[in-house]
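Take a look at the structure set out below.
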Amino acid sequence: MAHITLKGNAAETIGTLPVIGSDAPFFCLVKTDLSEAGPADFASQRLVLNIFPSLDTPVCASSVRRFNQEAAQFDNTVVLCISADLPFAHKRFCEVEGLKDVVSLSVFRSPEFGRDYGVTITSGPLKGLLSRAIVIVDADGRVVYTEQVPEITQEPDYSAALKALA
């Protein structure tokens, strides 16, 4: 389990992020049109999994905006914004913000995602939501970068994540 904090108060996750060099765990998540998406839908593309608790918080919203802005500069790369928010919330947020360079995905039908990626928060007030983490998967489906953000109210290290894509 990972030890993280929320405004300095201790919390834990169900496990740890996938090991760099390992195959990315399979997932089947829900898109904003209620269809399902998994690795086969993004075959031969690099994936940036931007994982976070909820779009309804300023830091989570900021990370989605930032990756939308940065994603356009990388070829063969898709940014997946993943949370427990319902697909309707993802759709509303992206429409209001004018975000077109990210794919929003909900885990509401797939609690195993949080377990398999080690990001389900298991204690504290956000128990049951996903922690803030970044996982980058190469075009062959292997994990090449991970970051478990230690304080939920902090943004991820964008520079390090983007460097892993360079």
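Just to be sure I understand: of the beta bridges DSSP finds with both ends in the chain, what percent are antiparallel, rounded to 5? DSSP beta bridges in the chain are roughly 65 percent antiparallel.
Cα convex hull, segment 24-73: 106 Å³ per residue, rounded to a whole number. For segment 4-70, the relative contact order comes to 13 percent (Cα pairs under 8 Å, sequence separation of at least 6).
Considering only Cα atoms, the convex hull volume of the chain works out to 97 Å³ per residue. For segment 1-132, the relative contact order works out to 33 percent when only alpha carbon pairs closer than 8 Å and six or more residues apart are counted. Across segment 30-47, rounded Karplus estimates of 3J(HN,Hα) from the backbone phi angles (6.51 cos²θ - 1.76 cosθ + 1.60, θ = phi - 60°) give 9, 7, 5, 8, 6, 7, 9, 9, x, x, 4, 6, 10, 3, 6, 10, 7, 10 Hz, Gly and Pro being marked x. Considering only S123, S104, S83, the Gaussian network model of the chain with Cα springs below 10 Å gives its largest mean-square fluctuation to S123. Using the Cβ-Cβ distance between A43 and K163 with R0 set to 22 Å, the FRET efficiency works out to roughly 0.35. Taking 0.36 nm per residue of separation and subtracting the Cα-Cα distance, full extension of the segment from S123 to E95 would add 6.8 nm. For the chain, the share of accessible area belonging to carbon and sulfur comes to 52 percent (1.4 Å probe, ligands and nucleic acids excluded). Think of it as helices only: each DSSP H run of n ≥ 4 in the chain is worth -39500 (n - 2.57), and spread over all residues that comes to -6500 deg cm²/dmol at 222 nm. In the calculated pair-distance distribution of segment 120-162, the portion above 13 angstrom amounts to 59 percent of the Cα-Cα pairs.
Suppose we look only past 16 Å in the calculated P(r) of segment 63-131. What percent of the Cα-Cα pairs does that tail hold? Distances greater than 16 Å cover 53 percent of the Cα pairs.
Stretching the chain fully between V19 and D56 yields a gain of 10.4 nm (0.36 nm per residue, less the alpha carbon separation). The residues of the chain expose on average 47 square angstrom of accessible surface per residue, using a 1.4 Å probe on protein heavy atoms. Compute the FRET efficiency between D33 and A10 as 1/(1 + (r/R0)^6), taking r as their Cβ-Cβ distance and R0 = 30 Å, and round to the nearest 0.05. Between D33 and A10 the formula returns 0.20. Note on F88 and R115: their simple-model spin labels are 2.8 nm apart, each label 7 Å out from Cα toward Cβ. Near the amide H of L55, within less than 5 Å, lie the amide hydrogens of D85, all on another chain or at least 5 residues away, with H placed in the peptide plane. Give the lysines reachable from K31 as a straight Cα distance under 21 Å; neighbours fewer than 8 places away on the same chain don't count. The qualifying lysines are K91, K100. Checking every one of the trypsin sites (Lys or Arg not before Pro) in segment 37-110 against DSSP loop status and a limit of 11 other Cβ atoms within 10 Å picks out K100.
The values are calculated or read from the model by the stated rules, or taken from the named source; none is laboratory data. All of these numbers come straight from a predicted model, not from anything done at the bench. Heads up, the Cβs are rebuilt from the backbone with ideal geometry, glycines too, and the neighbour counts pull from every protein chain shown. When the accessible area is computed, the model is the full protein with side chains, heavy atoms only, and any ligands, DNA or RNA have been set aside. Shrake-Rupley method; radii C 1.70, N 1.55, O 1.52, S 1.80 Å.
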